[in-house]
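Participant: Right, I'll just put the structure down here and ask away after.
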Amino acid sequence: MIQLTDLSFGYRKQPPLFNGLNLSLGAGHIYGLLGKNGSGKTTLLKNMVGLRYPTAGRAMMGGLDTAKRYPDVLSQVFFLPEEPYIPDHTAKTFLETTSPFYPAFDRELFNGYLAAFEVPEQQVLTKLSLGQQKKFMIAFALACRTKLLVMDEPTNGLDIPSKAQFRKVLASAVDEDCCIVLSTHQVRDLDHLIDSVIILHDGTIKLQVQLDQLTERIRFGRVSGGATSILYGEETFDGTHAILPNPEGISSKPDLELLFNATVNDSGMLLNYLAEEGKL
Ligand code: ADP
């Protein structure tokens, strides 16, 4: 679906953020792009969708360079920024002026998403609360049914019930022809939502993996006492939350926060283990 090849980018008068970065994303997946604040998630996503231009290398979608901004590509890509621009329009006017750019836009789906989010349809958009505005734009983004949907920090600004609504709506919107990329620094917000994780750190992709494949190879669990085979662990009041090798193939629920911390803070034990031949 989308390939970033040897992609380099830096803002003017600043050291490069990425140097020869490679990433390949396929249809039928929901990817979670994780990284600390300032690690370059937004910049990477903008390079992906043709809103920033790589200084070297390229981002290709369906064989076309996204930086060239061909209409055929633009109509199949939706990028929802962390703080979307909200025009002073009613929903009706917004749909009339914006949806024609997206040939697969589905009005019925949109109405359904809006109802699920409990966002009133008749209001002028700027009169909605910030959370409602964000939910309106998420509903629109999903209803455009583009092949690539990129949402930058979609859960920022949503209250707890809205985050649950977001999970439900997104799960219902997944389609095997579509690739969804969600970025966040709030790792837990993506629990139960993504099937693949991408961890961006120090300008490189430290880890890209499908969670079901990952949990065949490693196990997340609580251990106490002298467990020796821990790949990464964090002490808490109720024992050590740990990542362990999984030769027995015991199923466990991935702890994204632990995985993230193990990837960016650790000496590299987990990554070395996963990089061993046949582990990933
Ligand atoms: P993230 O989304 O992971 O928080 P960003 O991609 O927003 O990270 O930012 C990565 C780095 O690039 C930060 O140090 C940020 O200050 C810098 N940056 C972002 N946008 C600009 C810009 N328009 N001009 C210059 N520097 C920028």
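The values are calculated or read from the model by the stated rules, or taken from the named source; none is laboratory data. No experiment lies behind these values; they were computed from the predicted model shown. Using ideal geometry, Cβ is built from the backbone for each residue, glycine included, and neighbour counts are taken over all protein chains shown.
Residues checked against (1) among the acidic types (Asp, Glu); (2) at pLDDT below 95; (3) within 16 Å of the ligand (Cβ to nearest atom); (4) crowded, with 20+ Cβ neighbours inside 10 Å:
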{"site": "Leu170", "(1), (2), (3), (4)": "no, yes, no, yes"}
{"site": "Ala173", "(1), (2), (3), (4)": "no, yes, no, yes"}
{"site": "Glu176", "(1), (2), (3), (4)": "yes, yes, no, no"}
{"site": "Arg188", "(1), (2), (3), (4)": "no, yes, no, no"}
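Participant: Select from region 31-82 the residues that are out of contact with any strand residue (DSSP E or B) (no Cβ under 9 Å at 6 or more places or on another chain) and within 15 Å of the ligand (Cβ to nearest atom) and list them in ascending order.
Facilitator: Asn37, Gly38
Participant: Which residues, counting only those in region 35-92, are in contact with a helix residue (DSSP H, G or I) (Cβ under 8 Å, 6 or more places away or on another chain), farther than 20 Å from Val197 by Cα and among the basic types (Lys, Arg)?
Facilitator: Arg52, Arg58, listed by residue number.
Participant: Let me ask something else. What are the pairs, 6+ residues apart or on separate chains, where a residue within region 114-143 that is farther than 23 Å from Ala104 by Cβ has its Cβ under 8 Å from a residue that is small (Gly, Ala, Ser)?
Facilitator: Short answer, once both residue conditions are applied: Gln122/Ala91; Gln123/Ala91; Leu130/Gly157; Gly131/Gly157; Gly131/Ser162.
Participant: Within region 202-216, is there a residue that is surrounded by 13 or more Cβ atoms within 10 Å (Cβ to Cβ), farther than 30 Å from Lys147 by Cβ and more than 21 Å from the chain's Cα centre (by Cα)?
Facilitator: Checked against the condition, which is being surrounded by 13 or more Cβ atoms within 10 Å (Cβ to Cβ), farther than 30 Å from Lys147 by Cβ and more than 21 Å from the chain's Cα centre (by Cα), region 202-216 yields no hits at all.
Participant: Take the residues of region 1-23 that are among the hydroxyl-bearing types (Ser, Thr, Tyr) and under 16 Å from Ser39 (Cα atoms): which is nearest to the ligand (Cβ to nearest atom)?
Facilitator: Tyr11
Participant: Report yes if Leu182 is surrounded by 21 or more Cβ atoms within 10 Å (Cβ to Cβ) and aliphatic (A, V, I, L, M), otherwise no.
Facilitator: yes
Participant: Follow-up question, since we're still on this one. Would you be able to tell me the number of residues in region 152-179 that are without any contact (Cβ under 8 Å) to a residue 24 or more places away in the chain and within 16 Å of the chain's Cα centre (by Cα)?
Facilitator: 1
Participant: Okay, next question. Counting only residues that are of a type in the set (Phe, Trp, Tyr) and within 23 Å of Cys179 (Cβ to Cβ), how many does region 1-27 have?
Facilitator: Selection size over region 1-27: 2.
Participant: Something else now. Output the residues belonging to region 122-139 that are buried (at least 19 other Cβ atoms within 10 Å of the Cβ) and touching a Gly at 6+ places or on another chain (Cβ under 6 Å).
Facilitator: Scanning region 122-139 gives a single hit, Lys134.
Participant: I want to confirm something. Restricting to region 198-212 and keeping residues that are away from the ligand (no atom under 15 Å from the Cβ) and assigned to a strand (DSSP E or B), which single residue is nearest to His29 (Cα to Cα)?
Facilitator: Among those that are away from the ligand (no atom under 15 Å from the Cβ) and assigned to a strand (DSSP E or B), it is Gln210.
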